[in-house]
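In what follows, a structure is listed as structure tokens, so that the remarks can point back to it.
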Amino acid sequence: MRALTVMDAYFKVGETLTVTGVPKPNAAQFNVNIGSSDRDIALHVDPRFNHCDDIRKVVFNSCQGGTWGKWSYGQSFPFEEGKEFEISIEFKSAEFLVILPDNTVFRFPNRLGAEIYPMIFVDDDVRITSFKIK
């Protein structure tokens with residue numbers, strides 16, 4: 001069963017989004033997306049427990065007009081099924097700084113180039129407990 005949370009909140013340059021949640025038991029993967037629609041995603045953060053031949057990897061990408069860009073891989077996998085996590089995303093003009101639960105930082109370019117994104121959505125095997133934008 002898929003879970004989808006959509007938050008209609010404007011995420012602007014200079015702000016930090018903090019997402020707290022718990023991966024479901026037997027999770028394959030979940031993702032956090034920031035963009036203007038499900039076809040225009042500036043940042044796709046995708047922790048994969050076992051999905052698409054990726055095991056215990058965090059992958060990052062963007063999607064423009066429904067076409068995915070080049071996939072990037074993080075160096076750590078600080079997620080456990082059933083254990084609460086927190087991801088923080090700092091929105092700089094040219095890039096996003098993604099701070100994972102083990103405090104590793106991944107820099108991802110703002111490929112779509114906007115300075116404000118109206119949608120934050122989370123999908124798949126996770127239960128979100130809070131969203132904060134500061």
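The values are calculated or read from the model by the stated rules, or taken from the named source; none is laboratory data. On a predicted model such as this, the values are computed, not experimentally measured, just so you know. Using ideal geometry, Cβ is built from the backbone for each residue, glycine included, and neighbour counts are taken over all protein chains shown. With ligands, DNA and RNA removed, areas are computed over all heavy atoms of the protein, side chains included. Shrake-Rupley method; radii C 1.70, N 1.55, O 1.52, S 1.80 Å.
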Accessible area per residue of the chain at 1.4 Å probe, in Å²? 51 Å²
Counting only protein heavy atoms with a 1.4 Å probe and every protein chain in place, the carbon and sulfur fraction of the accessible surface of the chain in whole percent equals 47 percent
By a straight-distance test (C-alpha under 14 Å), which aspartates and glutamates pair with K134 as possible cross-link partners, with residues fewer than eight away in the same chain excluded? E15, E90
How far is it, in nm, from the label point at D40 to the one at K132 when both lie 7 Å from their Cα along the line to the Cβ? 3.0 nm
Measuring from label point to label point, each 7 Å out along Cα→Cβ, what is the V105 to E81 span in nm? 3.4 nm
What span do the alpha-carbon atoms of the chain cover on each of the three principal axes, reported in whole Å from largest to smallest? 36, 29, 29
Relative to the Cα centre, what is the charge dipole magnitude of the chain, using +1 at the beta carbon of each Lys and Arg, -1 at the beta carbon of each Asp and Glu, and rounding to the nearest 20 debye? 140 debye
Pick from I55, I89, I120: which is most flexible by mean-square fluctuation in a GNM of the chain where alpha carbon atoms under 10 Å apart are linked? I55
Looking only at lysines whose Cα falls under 22 Å of K83's and that sit 8 or more positions away or on another chain, we get K24, K57, K132
Using a Förster distance of 30 Å, how high is the FRET efficiency between N50 and E95, based on the Cβ-Cβ distance and rounded to 0.05? 0.55
Just to compare against my own numbers: the Cα pair-distance distribution for segment 49-103, 10 Å bins, whole % per bin, please. 19, 47, 31, 4
Bin by bin, in steps of 5 Å, what percent of the Cα pairs in segment 6-69 do you find, going until the bin that has the longest distance? 4, 15, 22, 23, 21, 11, 4, 0
